[in-house]
Amino acid sequence: MSDDHELYKAFYLIHHHKKSWGWWVHMHGRPSSETITGLGKVRVVDVIEDNRTDYYGDGHGSGSTAKAGITFEVEYPDFTTRHFRKEGEYDSYGGVSYDHGDFYEVRPVEKVVFDFERIGKE
């Protein structure tokens, strides 16, 4: 089976399982998975809303947008695991929508992140 076919199959079965991307967002952080016939066990492993906001307009008709995404882990019946992400967008007028975002395969990667803490007075 081609990767394109598997990608489309995952998209279709995950999307139509509960008829709503929003339902999956609410599943984030829950330890259970959903078994989807023809795919395997699916769980949400990450939900993001990018904190970098793009502003548009000037005055009336202005607003903001930010990226959003749902990352799924699929455990197939043969115990192989793949990860997929559905992109969405946050709009200050309508909230988060996943209607037009891409769906693609991703892989977990380890990253080192630096943060800064105050020195001295607290």
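The values are calculated or read from the model by the stated rules, or taken from the named source; none is laboratory data. The shown structure was predicted, so the numbers you read here are calculated from the model rather than taken from an experiment. Glycine also receives a Cβ, built like all others from the backbone with ideal geometry; neighbour counts cover every protein chain displayed.
In table form, for the structure just shown:
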quantity	calculated
Selection count, segment 12-33, where residues are surrounded by fewer than 16 Cβ atoms within 10 Å (Cβ to Cβ) and either farther than 14 Å from Tyr104 by Cα or hydrophobic (A, V, I, L, M, F, W, C) (or both)	12
Residue that is modelled with the lowest pLDDT [pool: residues in segment 79-122 that are more than 26 Å from Leu7 (Cα to Cα) and not in a loop (DSSP other than H, G, I, E, B)]	Asp91
Counted residues, segment 46-78 - those being crowded, with 16+ Cβ neighbours inside 10 Å and modelled with pLDDT of 75 or more	10
